[in-house]
1. Quick check: anything in the range 224-232 assigned to a loop (DSSP other than H, G, I, E, B), within 12 Å of the ligand (Cβ to nearest atom), without any contact (Cβ under 8 Å) to a residue 40 or more places away in the chain and of a type outside the set (Phe, Trp, Tyr)?
2. Could you tell me how many of the residues in the range 124-134 are within 23 Å of the chain's Cα centre (by Cα) and under 22 Å from Glu162 (Cα atoms)?
3. Would you pick out the residues in the range 188-223 that are assigned to a helix (DSSP H, G or I), within 14 Å of the ligand (Cβ to nearest atom), of a type in the set (Gly, Ala, Ser) and closer than 20 Å to Ile136 by Cα?
4. Can you give me the number of residues within the range 108-153 that are more than 22 Å from Val238 (Cβ to Cβ), within 12 Å of the ligand (Cβ to nearest atom), touching a Phe, Trp or Tyr at 6+ places or on another chain (Cβ under 8 Å) and outside any strand (DSSP E or B)?
5. For Lys92, state whether it is surrounded by fewer than 17 Cβ atoms within 10 Å (Cβ to Cβ), over 15 Å from Met230 (Cα atoms) and touching a residue at least 24 places away in the same chain (Cβ under 8 Å).
6. So which of Ser260, Ser289 ends up being hydroxyl-bearing (Ser, Thr, Tyr), modelled with pLDDT under 95 and either assigned to a helix (DSSP H, G or I) or farther than 30 Å from Lys184 by Cβ (or both)?
7. Between a residue in the range 239-254 that is over 16 Å from Ile302 (Cα atoms) and more than 6 Å from the ligand (Cβ to nearest atom) and any residue that is part of a loop (DSSP other than H, G, I, E, B) and among the aliphatic types (A, V, I, L, M), which pairs come within a Cβ distance under 7 Å, given they are 6 or more apart or on different chains?
Amino acid sequence: MENSGCWCDGIHKFIFYIGLIILFRYFFRFVFCIQRYFFRKGHNVQERYGQGSWILVTGATDGTGKATAIYAAKEKGMNVVLVGRNKDRLLKAEKEVRTANSSIDTRIYEFDFNKSTEIKDFMKISEEFKDLDISIFFSNAGVMTTKCIRDLSLEEIKEMTETNIHGPSILTKIFTDRFAKRDKRSAIMIMGSVAGCTPLPNNSQYGATKAYLISFSKAVGYEISDKIDMIVSTPGFVKTKLNGYAENPLAVSPTHQAASLFKDLGFERQNMPIIGQEFANNLLGIVYSLSESLGLAILGKIMIQERKEIETYWEKQEK
Ligand SMILES: NC(=O)c1ccc[n+]([C@@H]2O[C@H](COP(=O)([O-])OP(=O)(O)OC[C@H]3O[C@@H](n4cnc5c(N)ncnc54)[C@H](OP(=O)(O)O)[C@@H]3O)[C@@H](O)[C@H]2O)c1
């Protein structure tokens, strides 16, 4: 009898200490989260990556790309290369960047990820700017067509694959090699999405492209961490044309998104723009871990609603 009492005591103590460790872990995670979202200032970009260096931004003609180009120029004093698929839109965005900070330099480059898919096309981007000290590459261009696989055309699947996976992978390799020759640290920022954190019915292709980017960024980031800071951003809703300027209460402005990315650069492997989106994503992760079917059903419904909202937005634009 005495022996069995000892045995039970041991089990109780074991459970107690494991519980305590889990509690401490969550407590420290919470404290760290508060520090990260409300008190962190971000690195001094000029000091860390080189005085007068450049950022190259893809998809710089609108949304988060344009906002990040403007933020980098205005708040970080960086020179900016804007990459986009439309010359007029590029010139317009370039003007906005120069208005934000007239003392920096800018260059533009026309490139369509859905049309230029050969390796030599990608090499040309870097070669065109071989005279510039580019220290940050921001792979931002992306497209989303919120449909289930039955409704998606083959062209839409190709476009999402070329723009969201093929381009970012090849350019990351090109810039990794280029950055290896720099004396200072460099950075690669990849635009993922919360859509890649869990399987996303009724937006499956887009979600899968972003899941690829999250996995790719974290693994590559580990491989090159001696010289390059790599971060993947996984926002939920940012108010841009991609999602018909979402009315979602957790949606942030593209400028807020840009600021949060710079704040986390060099500290984190993954970025979320606000604590509310981080909590919502964690909650969804818990639902998925309890019942994958329930998680799939909830997100499948949300995506049907999102598709309707985007279609309504574009119908209004066409009128
Ligand atoms: N908005 C959100 O809620 C949200 C959330 C998570 C992640 N993201 C990601 O954020 C990134 C930027 O999206 P956004 O929300 O800012 O949307 P956006 O306003 O539509 O901007 C997308 C940018 O990518 C460019 N682009 C699209 N296809 C291209 C192609 N084939 N070749 C070259 N450039 C191309 C667009 O050029 P044009 O100006 O010519 O259209 C535009 O500059 C995307 O990777 C998206 O997946 C967005």
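1. Scanning the range 224-232 turns up no residue that is assigned to a loop (DSSP other than H, G, I, E, B), within 12 Å of the ligand (Cβ to nearest atom), without any contact (Cβ under 8 Å) to a residue 40 or more places away in the chain and of a type outside the set (Phe, Trp, Tyr).
2. Taking the range 124-134 as the starting set, the residues that turn out to be within 23 Å of the chain's Cα centre (by Cα) are 125-126, 134.
From what's left, under 22 Å from Glu162 (Cα atoms): 125-126.
Residues meeting the conditions: 2.
3. Ser217
4. Number satisfying all stated conditions: 3.
5. Criteria met by Lys92.
6. Ser289
7. Final answer for the pair search is Lys239/Ala246; Lys239/Ala251; Val252/Ile274.
The values are calculated or read from the model by the stated rules, or taken from the named source; none is laboratory data. Quick caveat, the model's predicted, so the values are computed rather than measured. Cβ sites come from the backbone with ideal geometry, for glycine too, and all protein chains shown count toward neighbours.
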